[in-house]
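Below is one structure, written out as structure tokens; comments come after it.
The values are calculated or read from the model by the stated rules, or taken from the named source; none is laboratory data. Remember, predicted model here, so these are calculated numbers, not experimental data. Counting neighbours? That spans all protein chains shown, and the Cβs are built from the backbone with ideal geometry, glycine included. Surface areas here come from the heavy atoms of the whole protein model, side chains and all, with no ligands, DNA or RNA. Shrake-Rupley method; radii C 1.70, N 1.55, O 1.52, S 1.80 Å.
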Amino acid sequence: MTILVRGHEFSWWATTNALVAGKGGMIAAMTLSTAFTKLFNVRHPIALAPMGGSAGGALAAAVSRGGGLGLLGSGNGDPDWLAREMPIVAEGTDKPWGIGFQTWAIDVAAVERALEYNPRAVMLSFGDPSPFAERIRRAGTTLIIQVTDLEEARRAVDVGADVIVAQGTESGGHGARHGRSTLPFVPVVVDLAAPVPVLAAGGIADGRGVAAALALGAAGALIGTRFQATTEALVASATAKAIVEGRGQDTERSRVLDIARSSQWPSKYTARTLGHPFLDQFRGREADLAADPQAKQAYQDGVAQGQIPPLPMWASEAIDLINDLPSAADLVGALVAQAEDALARAGGH
């Protein structure tokens, strides 16, 4: 049997399996085939968010081996980081993989270095993609552009994005200061961008979120924080532990930590993180912090003395759903199984 959900085709098949179904009963499974899985020739409509620094070669390779699309999180395109991590993913999987950049922080040379490794995709986020789009497409590489508002979505269509990621404000890490939540934002971008495939991002941490993304018309889900809590992620053990133990209400979106650490992130993008002493001290006082060199020095001193984590703990509102530290390859399979179950239950009503 084949069913359609917002234009995506899900094919059902049944088989007998005494071990799984018990006494030879019939079980049903579903192939989640979408425009995204067909474009990349991957098994599952799941992509790893290219989280700056923490989505390294081992994590990207594991997601790709698991049937999704692993995306390295190069951030600003640091040459040393690329030289270390890109061979790891290139040698770690024979499946499609890609790399993501913070568009505002890179130059053409960073993109050129990445293309030397023949990634299947390059993803651009947070800034004007037009200086890089044609170079990426000319290399025969799939261009993914993440957007946080409708103006960015229109620009992504105009520059010829092959895939658009619609990021809601529930996401961990950086996103729009004045954005929309995932549920209303994704279908608007789906309609605006058609027929370009759209991935949903922001607050998706289990298979029910993946199923919801498909029901909204997305061709898959881009998932970040959930993959931070895996054995392959390049995060400190304390960060992984905090994500597993944290709650959605423990997160907040702010520019305070960017200002405190003298980060050059554009002001239109705030960051969702777990709690932090500087958030408590300067919440609602961004201008005061920006004008206070002593406070910024205190932040740096606290990091040097081990009193403050060297990086903010980026985390989405969905961390309540994260309670273990699996391997990323196994996690992809678990997310898909949950999504299939959610869609089957929805289809049964």
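Here is how the numbers come out for the structure above:
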item: Hey, ASP301 under 26 Å from the mean Cα position of the chain (by Cα) and not in a loop (DSSP other than H, G, I, E, B) or not; result: no
item: Any hit, the stretch 321-343, residues being touching a strand residue (DSSP E or B) at 6+ places or on another chain (Cβ under 6 Å), touching a residue at least 24 places away in the same chain (Cβ under 8 Å), among the polar types (S, T, N, Q) and closer than 19 Å to ALA233 by Cβ; result: no
item: Residues within the stretch 32-65 that are more than 23 Å from GLY172 (Cα to Cα), in contact with a helix residue (DSSP H, G or I) (Cβ under 9 Å, 6 or more places away or on another chain) and either in a strand (DSSP E or B) or of a type outside the set (Val, Ile, Thr) (or both), tallied; result: 3
item: The stretch 170-187: number of residues that are over 23 Å from PRO266 (Cβ atoms) and either over 17 Å from the mean Cα position of the chain (by Cα) or at pLDDT below 95 (or both); result: 2
item: Condition met for ARG120 (in contact with a strand residue (DSSP E or B) (Cβ under 8 Å, 6 or more places away or on another chain), basic (Lys, Arg) and surrounded by fewer than 17 Cβ atoms within 10 Å (Cβ to Cβ)); result: no
item: All helices (runs of 4 or more DSSP H) inside the stretch 136-215 with 3 or more residues being open to solvent by 10 Å² or more (accessible area, probe 1.4 Å) and more than 25 Å from LEU331 (Cβ to Cβ); result: 150-158, 182-193
item: Filter result for the condition that a residue is surrounded by fewer than 24 Cβ atoms within 10 Å (Cβ to Cβ), touching a residue at least 40 places away in the same chain (Cβ under 8 Å) and within 15 Å of ALA315 (Cβ to Cβ), over THR231, THR225, THR239; result: THR239
item: Inter-residue pairs, beta-carbon under 8 Å, first without any contact (Cβ under 8 Å) to a residue 60 or more places away in the chain and under 16 Å from SER316 (Cα atoms) and in the stretch 187-210, second in a loop (DSSP other than H, G, I, E, B) and open to solvent by 10 Å² or more (accessible area, probe 1.4 Å), 6+ apart; result: ALA200/LEU216
item: Qualifying residue in the stretch 304-321 (condition: within 13 Å of ASP206 (Cα to Cα) and surrounded by fewer than 20 Cβ atoms within 10 Å (Cβ to Cβ)); result: yes
item: Number of positions in the stretch 216-237 that are within 21 Å of ALA60 (Cα to Cα) and not in a strand (DSSP E or B); result: 15
item: In the stretch 280-295, residue farthest from THR270 (Cα to Cα) [restricted to those that are small (Gly, Ala, Ser) and free of Cβ contacts under 8 Å to residues at least 12 places away in the same chain]; result: ALA291
item: Within the stretch 293-349, tally of residues that are within 16 Å of ILE243 (Cα to Cα) and acidic (Asp, Glu); result: 3
item: Subset of the stretch 104-117 (residues that are open to solvent by 10 Å² or more (accessible area, probe 1.4 Å), in a helix (DSSP H, G or I) and either closer than 17 Å to LEU71 by Cβ or touching a Leu at 6+ places or on another chain (Cβ under 8 Å) (or both)); result: ALA105, ARG113, LEU115
item: Residue satisfying condition, being closer than 17 Å to THR230 by Cα and open to solvent by less than 10 Å² (accessible area, probe 1.4 Å), within set ALA60, ALA49; result: ALA60
item: Enumeration of residues in the stretch 246-289 that are of a type in the set (Gly, Ala, Ser), part of a helix (DSSP H, G or I) and open to solvent by 60 Å² or more (accessible area, probe 1.4 Å); result: ALA287
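So that you can scan it fast, the table gives a plain yes or no per residue for (1) in contact with an Asp or Glu (Cβ under 6 Å, 6 or more places away or on another chain); (2) farther than 30 Å from LEU325 by Cα; (3) at pLDDT 95 or above:
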site: ARG137; (1), (2), (3): no, yes, no
site: GLN146; (1), (2), (3): no, no, yes
site: ASP162; (1), (2), (3): no, yes, yes
site: GLY168; (1), (2), (3): no, no, yes
site: ALA193; (1), (2), (3): no, yes, yes
site: PRO197; (1), (2), (3): no, yes, yes
site: ARG208; (1), (2), (3): no, no, yes
site: ALA236; (1), (2), (3): no, no, no
